[in-house]
Structures are given as structure tokens and as C-alpha cells.
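The values are calculated or read from the model by the stated rules, or taken from the named source; none is laboratory data. Everything numeric here is computed off the predicted structure, so don't read it as measured data. Quick reminder, even Gly has a Cβ in these numbers, built from the backbone with ideal geometry, and neighbours come from all protein chains shown.
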Amino acid sequence: GGLAWYLSAPTGVSSWLMPILDPINYSNGHSPILNIAHVVMYFGVMVLGSVLFAKFWISTTGMGADSVARQIQRSGMQMPGFRKDPRILERVLDKYIPTITILSGAIIGALAALSDMIGTVGNATGTGVLLAVSIMIHFYEAMGREQMMEMNPVMRGILGGE
């Protein structure tokens, strides 16, 4: 197959696993080695692409170590045992934020690739499933905030209500 075939999503277990395990009965026109290469290439591109996007997202949205250190400094908070200098806080945060960014990007990419490869109900893509779940979580959190503001007027001021 060409590059487009290697980068296309394997849609369901029957499109990639069965031709690898039983190439005689489930031939899709490619040898088992090519099917394995297809799965590995697609999985790798999804994970690598997600990691690159996560790093880009962190750098462009102000979630990097320098931005977070300045935000913590402006809010008046400080880390116990460290001077109240944003450069020191930035060095401490720089130990964790890049690692967490790469790890979370790789996990999201692997999850999206695996759900594409397994085949989800309704033939939804892995990215679509992740998007739907993140939207539902956002709505759930928003409903929780609204309910908390209705129940406790003091929380309204803390959470930014009227």
C-alpha cells in the first residue's frame, strides 16, 4: 500500500487483526507484514501527532512553566520552602510540566488510535469519542458549579457568579 493506506485508520479489528492472524481466509490484498506495518505506523503517527499538538498547545495557551509561575506569583501564592521569585518557581514547574505534557499527549493519542483500531459502537472515530467525552465532562462540571452557586450564596462570589 501507499503512504495514504499506512496513515489511514484501521477501522475495526476485522480490518487489521484478522488479516494478520489468518491471512488466507481474511486477505485484504496485503501481506501480514504490511498489515503490521500499517498498524504500527498509524499508532505511531497518532501518538507523535498528539504529543506535538500537546506541546504546541501548552506553549500557545500560556500553560508553560513561565506563564504558570507568573500567574502563581501574581495571585500571591508561593511554594513552601522556596523564595518568592518567579524564576525559582519556573524552574520547579519546568521539571513537571513538559513531562506531563508529553505523557498526557501520548496517552490521548494512544487512546484515540486504539479506539479507531478496535472500532467503536456506531463506527465513531477515536477522536470523536474523546471529543464527546470531554464535552460531557465540561457540561457536568458546569452543572456542578451552577448547582453549587444556587445552594450556597457565598460560593457565588468565589466561583465568579453575580
Can you name the helices (runs of 4 or more DSSP H) wholly within region 1-99 that have at least 1 residues being of a type in the set (S, T, N, Q), out of contact with any helix residue (DSSP H, G or I) (no Cβ under 6 Å at 6 or more places or on another chain) and free of Cβ contacts under 8 Å to residues at least 12 places away in the same chain?
32-60, 65-74
Tell me which of these Val129 doesn't satisfy, since it passes every other one: (1) in contact with a Leu (Cβ under 9 Å, 6 or more places away or on another chain); (2) modelled with pLDDT of 80 or more; (3) within 30 Å of Met46 (Cβ to Cβ).
(2)
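Residue-by-condition table, conditions (1) small (Gly, Ala, Ser); (2) assigned by TED's automatic domain parsing to the domain that holds Gly128; (3) surrounded by 15 or more Cβ atoms within 10 Å (Cβ to Cβ):
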| residue | (1), (2), (3) |
| --- | --- |
| Pro10 | no, no, yes |
| Met18 | no, no, yes |
| Pro23 | no, no, yes |
| Gly29 | yes, no, no |
| Met46 | no, no, yes |
| Ile58 | no, no, yes |
| Gln71 | no, no, no |
